[in-house]
Structure formats: structure tokens, C-alpha cells
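The values are calculated or read from the model by the stated rules, or taken from the named source; none is laboratory data. Everything numeric in this text was worked out from a predicted model, so none of it was measured. FYI the Cβ positions are ideal-geometry reconstructions off the backbone, even for glycines, and counts take in every protein chain you see.
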Amino acid sequence: MKILKPLVCLLFLSLVFSSCSNDDDVVLDKNGEKIIGTWRLFEIVEDGEPLNMGTCLPQSTVEFKAEGIFVANLVSDEPNEGGGCLEQTNTGQWKYLGDNEFETTSDGETEIQKIIFSENGTVFGITTEYDDGAIVVDSFVKID
């Protein structure tokens with residue numbers, strides 16, 4: 001169930017990212033302000049193939065606030081008690097380190113992640129390579 005694994009990791013922002021560059025990449029300013037705002041998950045690609053995200057996963061968001069706080073809301077297709085989508089929220093701190101690298105701290109764990117922006121800073125992608133060799137790219141679009 002690789003669809004939920006990267007999103008659960010996102011919820012706790014404990015992914016280790018590696019990324020490729022292309023001509024549309026946007027270089028962040030020195031303070032990393034491009035990340036500030038609310039981002040919605042719009043695509044998950046595993047080994048080059050888009051995955052079916054169902055109706056709930058595309059509602060997942062992460063908000064990066066200017067004061068260095070993030071709020072991640074994971075919405076999964078696993079039904080809650082009422083039969084709808086299951087929602088989980090996690091918060092933590094973020095800091096821009098330079099060269100598109102971000103340090104995040106959540107639930108006592110600190111990670112350094114690389115986030116690549118494209119489409120004039122309105123889209124970012126995170127690439128995760130799993131132990132079984134699968135490569136999963138989560139893509140987010142800025143909504144606020």
C-alpha cells in the first residue's frame with residue numbers, strides 16, 4: 001500500500017527526499033518564502049505511473065506558515081466511524097537551510113528534505129526511494 005505510506009510520512013514530515021532538476025525549476029530566495037502558503041496533494045506517481053488517489057487523498061494539504069510552523073492534514077480513503085474520509089492532522093516546525101533544503105521537526109524527529117519547485121513556484125515535488133526500489137513522487141499545487 002505505497003499510496004498511504006508516502007502520505008503518512010508526509011503527515012509526520014519525516015520523508016527523505018531526492019529530486020531531479022528541470023528547466024522549470026524555481027530557485028528559492030534566501031529565506032525560502034516560496035514554501036509559505038497552503039499546498040494540496042494533486043498527484044502521486046510510482047515508478048513513472050500515476051496512481052489512483054481515490055476521492056479522499058486529493059483533499060490532503062500541508063500549510064507552511066511564515067513563522068516557521070507547518071500543519072499537515074492527511075485525508076485518506078480509510079473510512080472513519082461515520083463512513084467518510086479519515087482525517088489526521090500533524091504540526092511541527094520548519095526552517096529553510098538553502099539550496100531548496102528544508103529542516104522539519106515534528107513529534108521530536110528532525111529531518112532534512114529537498115523540495116523542488118516548478119511552474120513559477122506554484123507546484124512542488126518530493127521524491128522518495130523505498131527499500132524495495134520503488135520511486136514515488138508526491139506533487140503538490142499551491143492553493144493559497
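Numbers for the structure displayed
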quantity	calculated
Residue within region 114-129 that is of a type in the set (Phe, Trp, Tyr), at pLDDT below 95 and farther than 19 Å from Glu33 by Cβ present	no
Failed item in (1) closer than 17 Å to Phe42 by Cβ; (2) at pLDDT 90 or above; (3) surrounded by 14 or more Cβ atoms within 10 Å (Cβ to Cβ), with Asn90 passing the rest	(1)
Number of positions in region 20-56 that are in contact with a helix residue (DSSP H, G or I) (Cβ under 8 Å, 6 or more places away or on another chain), of a type in the set (Val, Ile, Thr) and either at pLDDT 85 or above or closer than 23 Å to Glu78 by Cβ (or both)	1
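Every residue, every condition in (1) among the aliphatic types (A, V, I, L, M); (2) in a loop (DSSP other than H, G, I, E, B), yes or no:
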site: Arg40; (1), (2): no, no
site: Glu43; (1), (2): no, no
site: Met53; (1), (2): yes, yes
site: Val62; (1), (2): yes, no
site: Glu67; (1), (2): no, yes
site: Ala72; (1), (2): yes, no
site: Asp77; (1), (2): no, no
site: Gln88; (1), (2): no, no
